[in-house]
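The values are calculated or read from the model by the stated rules, or taken from the named source; none is laboratory data. No experiment lies behind these values; they were computed from the predicted model shown. Neighbour counts are summed over all protein chains in view; Cβ atoms, including those assigned to glycine, are modelled from backbone coordinates with ideal geometry.
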Amino acid sequence: MSRYLIIDGYNAIHKIRELDAKKDESLEAARLHFINMLLDFMSRKNMFDKVYIVFDSKEQALGVRRHEYGQIEALYTTSDKDADGVIVDLLRNASPKDKVSVSSDDNFVRNHAKVYGRDILSIKELENIIMLKRKGARSKIEEKEVKGAREINKELKKHWGLK
């Protein structure tokens, strides 16, 4: 059994503040920043075996362009099919044994995920998962420092004869 996450790319970029701000630089900068955020998340948490981010494109080619970044695969649609259609194809072609989660706020995508019995994450839930993991790394360090301080205080109290 494999665990997959399928993300409606531009839906996420337009709704996650950090990514939306990157659009001022360029759409490509926002896409790459998103991919880097996901790579960072995946390096810390092994929730998914593979993440697919699907982006609309107006390219006049056949099929779907794919760019792989380790466990992240960015799919760019062509003029003959939009991102929603590619996401539905991924859902349709996934093995029933695989655990597939879909992140989108688009009703068409969410309804198809329900039809195929897949987990659905809102874009806000996706953002929270990614951001909590980033914040979680910092809080573990602080927690260790606090635990270390408690041990030192305990030893000092013993040394000074205090209880």
query: Does A29 satisfy being at pLDDT below 95, over 19 Å from I129 (Cβ atoms) and crowded, with 20+ Cβ neighbours inside 10 Å?
result: no
task: With respect to V54, determine if the residue is part of a strand (DSSP E or B) and aliphatic (A, V, I, L, M).
output: yes
query: Which condition number in (1) touching a residue at least 24 places away in the same chain (Cβ under 8 Å); (2) buried (at least 19 other Cβ atoms within 10 Å of the Cβ); (3) among the hydroxyl-bearing types (S, T, Y) is the one that Y69 fails?
result: (2)
message: Criterion first (surrounded by 13 or more Cβ atoms within 10 Å (Cβ to Cβ), more than 30 Å from R44 (Cα to Cα) and of a type in the set (F, W, Y)) does F108 satisfy it?
response: yes
- request: Answer yes or no as to whether K45 is modelled with pLDDT under 90 and either closer than 22 Å to N93 by Cβ or not aromatic (F, W, Y) (or both).
  value: yes
- prompt: Within the range 88-104, is there a residue that is assigned to a loop (DSSP other than H, G, I, E, B) and more than 14 Å from L5 (Cα to Cα)?
  reply: yes
